[in-house]
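K.L.:
Can you keep this structure in mind? I'll have questions shortly.
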Amino acid sequence: MTTIHVTTDGTVARVTLARPAVRNAFNAEVIRELREAFTRIASEASVRAVVLAGEGAIFCGGADVNWMRGALALSYDQNVADAEAMSDMFRAIDRCPKPVIGRIHGAALGGGAGLAAVCDVAICSNETLFGFTEVKLGIIPAVISPFVLAKVGRSHARALFLTGERFDARRALSIGLVHEVVDAAALDAAVERVVSELGSAGPFAVAAIKELIPRVTSASYDETRAITAAAIAKQRTTDEAQAMMRAFLDRKK
């Protein structure tokens with residue numbers, strides 16, 4: 001892979017955007033490589049967590065300028081195919097059964113803010129700037145909208161999508177786009193703390209939770225009764241749950 005770096009350190013996969021000279025901006029190759037990386041990681045049994053980061057001064061500045069220039073010549077059908085490829089990439093990250101921790105610094109703009117939205121745990125440094133800036137270019141944050149709406153809700157999305165304004169880490173925390181804001185020097189330690197917490201969680205339980213949350217949030221209250229009862233019954237009877245519950249009850253590791 002040429003636009004991202006993927007390494008595995010024990011049970012942790014690290015996916016790093018590796019185009020610092022262009023602010024780790026998206027183009028067709030980045031989109032394809034991210035989708036392929038997360039699709040592969042999803043099937044790797046040894047991986048317990050994924051850290052998503054960016055090289056250089058910022059996390060991700062959105063779309064690559066040259067890629068955008070090329071898009072001006074695309075037909076309607078070509079634009080649809082282009083957008084569907086990006087949607088598939090975000091969906092691969094969002095639906096990855098491994099928990100995804102975002103290490104966000106510098107800036108996360110446009111699609112970069114969309115990446116923050118699909119992280120299960122998003123941690124940023126206190127100087128980070130965010131923005132759904134598409135409207136400033138006469139376009140709209142359509143592809144990322146399902147993921148951002150699920151993360152911050154309609155009210156904040158309406159305000160930030162329509163203005164395209166940039167906002168700071170404190171506001172990102174207050175609307176739920178990120179979960180923790182730390183000093184830049186403490187960013188890596190904060191990420192590793194979450195990685196450590198996930199290391200003590202049952203991996204099949206974590207995957208089951210990631211599958212359960214969107215099902216419950218899109219179902220009616222009456223439907224959730226059957227969904228949640230079946231989910232806990234299935235998990236309680238797994239080898240993982242049986243072993244971990246017995247260890248807890250017997251005061252063992």
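Taken together, the values in this text are just the output of simple stated rules run on the coordinates, not laboratory data. Keep in mind that this is a model prediction, so the values were computed, not measured. Cβ atoms come from the backbone with ideal geometry, glycine included; neighbour counts cover every protein chain shown.
K.L.:
Per DSSP H run of at least 4 residues, take -39500 (n - 2.57); add these up for the chain, divide by its residues and hand me the 222 nm value, nearest 500 deg cm²/dmol.
P.N.:
Helix contribution divided over all residues of the chain: -16000 deg cm²/dmol.
K.L.:
Specify which residue in the list Pro97, Ala219, Ala18 is farthest towards the positive end of the charge dipole of the chain, using unit charges on the beta carbon of Lys, Arg (+1) and Asp, Glu (-1), about the Cα centre.
P.N.:
Ala219
K.L.:
About the Cα centre of region 203-249, how large is the charge dipole given +1 on each Lys and Arg Cβ and -1 on each Asp and Glu Cβ? Please answer in debye to the nearest 20.
P.N.:
Here region 203-249 has a charge dipole of around 80 debye.
K.L.:
What full-extension length gain, to one decimal in nm, is calculated for Ala150 and Ala226 as 0.36 nm per residue of separation minus the Cα-Cα distance?
P.N.:
Full extension of this stretch gives 25.1 nm more.
K.L.:
Report the one residue of Val152, Asn27, Ala184 whose Cα lies farthest in the direction of the positive end of the charge dipole of region 4-199 (charges on C-beta: Lys and Arg +1, Asp and Glu -1; origin at the Cα centre).
P.N.:
Checking the options against the dipole of region 4-199, the answer is Val152.
K.L.:
Ordered by packing density, taken as the mean number of other Cβ atoms within 10 Å over each peptide's residues, highest first, how do 244-250, 111-117, 137-143 rank?
P.N.:
Averaged packing, sorted descending, gives the order 111-117, 137-143, 244-250.
K.L.:
I've got another one for you. Quick one: dipole size for region 76-141, taken about the Cα centre, charges +1 on Lys/Arg Cβ and -1 on Asp/Glu Cβ, in debye to the nearest 20.
P.N.:
My answer is approximately 260 debye.
K.L.:
Can you give the charge dipole size of the chain about its Cα centre, rounded to the nearest 20 debye, using +1 on the beta carbon of Lys and Arg and -1 on the beta carbon of Asp and Glu?
P.N.:
560
K.L.:
Still on this structure, I have one more. Using DSSP, restrict attention to beta bridges with both residues in the chain and report what percent are antiparallel, rounded to the nearest 5.
P.N.:
Bridges in the chain that DSSP calls antiparallel: roughly 30 percent.
K.L.:
Between Ala81 and Arg40, what is the label-to-label distance in nm when each label sits 7 Å out along the Cα-to-Cβ direction?
P.N.:
Those two pseudo-labels are separated by 2.5 nm.
K.L.:
Same structure again: In percent, what relative contact order does region 4-199 have, based on Cα pairs under 8 Å that are 6 or more apart in sequence?
P.N.:
Relative CO of region 4-199 lands at 20 percent.
K.L.:
Based on the Cβ-Cβ distance of Arg166 and Asp250, what FRET efficiency does E = 1/(1 + (r/R0)^6) give at R0 = 45 Å, to the nearest 0.05?
P.N.:
FRET efficiency, Arg166 to Asp250: 0.25.
K.L.:
Still on this structure, I have one more. Alpha carbon centre of region 159-181 versus region 110-139: separation in Å?
P.N.:
Taking the Cα centre of region 110-139 as reference, the centre of region 159-181 is 8 Å away.
K.L.:
Below 21 Å Cα-Cα, how many Lys pairs turn up in the chain? Only count pairs eight or more apart in sequence, or on different chains, if you could.
P.N.:
Lysine pair count for the chain: 5.
K.L.:
Give the residue from Ala208, Ala107, Val51 lying farthest towards the positive end of the charge dipole for the chain; charges sit on Cβ (+1 for Lys and Arg, -1 for Asp and Glu) and the dipole is referred to the Cα centre.
P.N.:
The Cα lying farthest towards the positive end belongs to Ala208.
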